[in-house]
Amino acid sequence: MIESDNIEFKREWRDEFLRVICAFANTNGGIIYIGKDDYGKDVGIDDYKELLEILPNKINSKLGIIPEIRIEKSDKIKVLEIRVNTSSVPVSYNGKFYMRSGSVVIELHGKKLSDFLLRKSSNTWDNISMDAAANSEIDSNTIQLFKRYAIDRLPSINSEKNDRATIEKLNLVDSDKFKRAAILLFGKNTQKYFPQAHTRIGRFLSESEIIASDIVEGNLFQQLENTIDILRKKYLLNLFHFEGIHRREKSVYPAEALREALLNALIHRDYASTASTQIRVYDEKLLIMNAGELPDELTIEDLKKYHLSVPRNALLADVFYKAGFIEIWGSGTLKIIEACKINGMPEPVFSQGKGIFEITFFANKDLIHVGKDVGKDVGKDLKGNLKVVYDLIEADSKITIPNIAENTGLSESTVARNITELKKLKLIIRIGGRKEGYWRVVEVKNSDDIPDKKDDKKDDKKD
């Protein structure tokens with residue numbers, strides 16, 4: 001036997017050990033052995049009879065709990081065992097609250113204390129009612145969308161005649177007041193009440209150099225769909241080819257993994273924090289970050305196997321479950337890992353620290369290398385002005401329309417029209433704004449995949 005997060009050895013009893021008992025009760029329970037050295041070897045105590053008599057009353061009067069206290073059986077050496085169960089209510093010692101963090105006892109302050117008290121009261125942040133929000137704050141379109149999603153898991157939802165009745169059926173109303181979850185999920189202007197409840201997307205060349213960014217607002221259903229859409233269209237490289245007239249795409253990050261990770265971030269984030277959900281896109285990796293570390297019941301390793309589902313925001317999780325977006329079996333992270341494996345990607349890395357939880361995806365390197373190598377001959381299958389404009393953009397990602405016009409003798413309107421055509425063909429995309437942005441060439445698998453486009457000679461001003 002060795003010391004751990006729920007086992008401690010003490011040579012003798014001291015009243016200061018009441019802090020340890022308090023911490024065990026507030027965390028996952030534990031055992032204190034009185035009469036063992038630091039290595040777990042029995043050294044015994046002489047005052048075991050006195051301790052058996054006074055400790056139950058002392059612990060009860062100081063902490064309000066009654067642990068199980070007994071003597072380990074031994075003919076000569078007596079060791080006292082104090083077994084502490086997890087308390088369903090907060091336990092304090094001399095007006096202070098303690099918890100166990102690994103093998104260390106920590107005193108709770110500030111936000112950690114308020115979160116602890118909220119959790120021990122069997123309440124969650126999203127379950128608290130609001131005074132200000134009126135019926136007009138609910139977005140009917142999102143309600144109708146939810147009803148369509150929930151038809152399989154909550155068939156009776158379609159019988160609700162109005163938005164208010166739907167919200168009430170989902171347990172999002174308390175004493176005629178909307179709960180926070182109602183506005184997060186179905187609000188017309190969620191950021192009016194919770195300005196922190198948005199998602200930031202950034203494209204980074206390095207940790208300090210950002211070249212494009214977006215802020216996605218709206219309720220959580222809107223944020224989910226709009227964030228995925230913006231990522232796909234603006235930030236993520238998709239390789240594609242044509243099968244007849246049908247365009248087939250493959251992303252360096254599987255859509256199902258990104259969607260599941262974003263859902264986890266939106267549902268489980270700590271909305272009491274002022275930090276937004278963040279998505280950072282780099283050349284070879286993508287990070288999804290949100291405020292709120294794992295609950296005490298879970299570890300990072302637990303995420304790689306079937307585990308207990310412990311939602312930080314129980315109402316948010318319940319509504320997304322009823323909409324068919326998630327399961328309740330703690331399998332979301334396994335879906336993310338499996339999707340990455342199927343798509344030839346490394347396993348994502350889960351990490352946490354300083355109040356932040358993070359998922360790091362690593363791009364499919366085969367696709368990245370293909371994206372860098374294929375398409376070198378794409379330009380040769382384009383004709384005339386399209387080819388000229390494409391080649392210049394491929395050579396200089398920051399070239400401007402006036403620069404292209406100056407180099408080619410084409411009018412700026414002709415350059416603009418050819419750029420529009422290249423965008424329609426999805427051969428180029430614009431990242432960022434006019435001043436700080438750049439062009440990205442989106443590669444196809446081979447040059448035969450480009451639909452035949454005739455040379456556009458209108459407005460050709462070449463001399």
| Hey, LEU303 hits all of (1) closer than 29 Å to ALA150 by Cα; (2) in a loop (DSSP other than H, G, I, E, B); (3) under 14 Å from the mean Cα position of the chain (by Cα); (4) not aromatic (Phe, Trp, Tyr) but one; which does it fall short on? | (2)
| note | Of the residues in region 87-115, those that are among the hydroxyl-bearing types (Ser, Thr, Tyr) and surrounded by 14 or more Cβ atoms within 10 Å (Cβ to Cβ) come to SER87, SER92, TYR93, TYR98
| request: State all residues of region 43-98 that are hydroxyl-bearing (Ser, Thr, Tyr) and part of a helix (DSSP H, G or I); if no residue qualifies, say none. | output: TYR48, SER61
| note | Filter region 167-185 for residues that are among the basic types (Lys, Arg) and assigned to a helix (DSSP H, G or I); the one that is farthest from the chain's Cα centre (by Cα) is LYS169
| request: For region 3-30, name all the residues that are outside any helix (DSSP H, G or I), out of contact with any Phe, Trp or Tyr (no Cβ under 8 Å at 6 or more places or on another chain) and of a type in the set (A, V, I, L, M, F, W, C). | output: TRP13
| message | If a residue must be closer than 12 Å to ILE82 by Cβ, crowded, with 21+ Cβ neighbours inside 10 Å and either over 34 Å from the mean Cα position of the chain (by Cα) or among the polar types (S, T, N, Q) (or both), how many such residues does region 22-32 contain? | response | 1
| query | Which residues, counting only those in region 160-188, are basic (Lys, Arg) and either touching a helix residue (DSSP H, G or I) at 6+ places or on another chain (Cβ under 8 Å) or in contact (Cβ under 8 Å) with a residue 40 or more places away in the chain (or both)? | reply | ARG164, LYS169, LYS177, LYS179, ARG180, LYS188
| query | In region 102-146, what residues are outside any helix (DSSP H, G or I), at positive phi and out of contact with any strand residue (DSSP E or B) (no Cβ under 9 Å at 6 or more places or on another chain)? | reply | SER122
| query | Applying the selection to region 186-225, what residues are part of a helix (DSSP H, G or I), buried (at least 16 other Cβ atoms within 10 Å of the Cβ) and under 18 Å from the mean Cα position of the chain (by Cα)? | reply | LEU220, PHE221, GLN222, GLN223, LEU224
| request: Looking for whichever is among the β-branched types (Val, Ile, Thr), assigned to a helix (DSSP H, G or I), surrounded by 14 or more Cβ atoms within 10 Å (Cβ to Cβ) and out of contact with any strand residue (DSSP E or B) (no Cβ under 9 Å at 6 or more places or on another chain) here; the options are VAL310, VAL319. Which one fits? | output: VAL319
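Computed from the coordinates by the stated procedures, all read-outs in this text should not be read as laboratory data. Because the structure is predicted, anything quoted here is derived from the model rather than measured. Methodologically, a virtual Cβ is constructed for each residue, glycine included, from the backbone with ideal geometry; neighbour enumeration extends over all protein chains shown.
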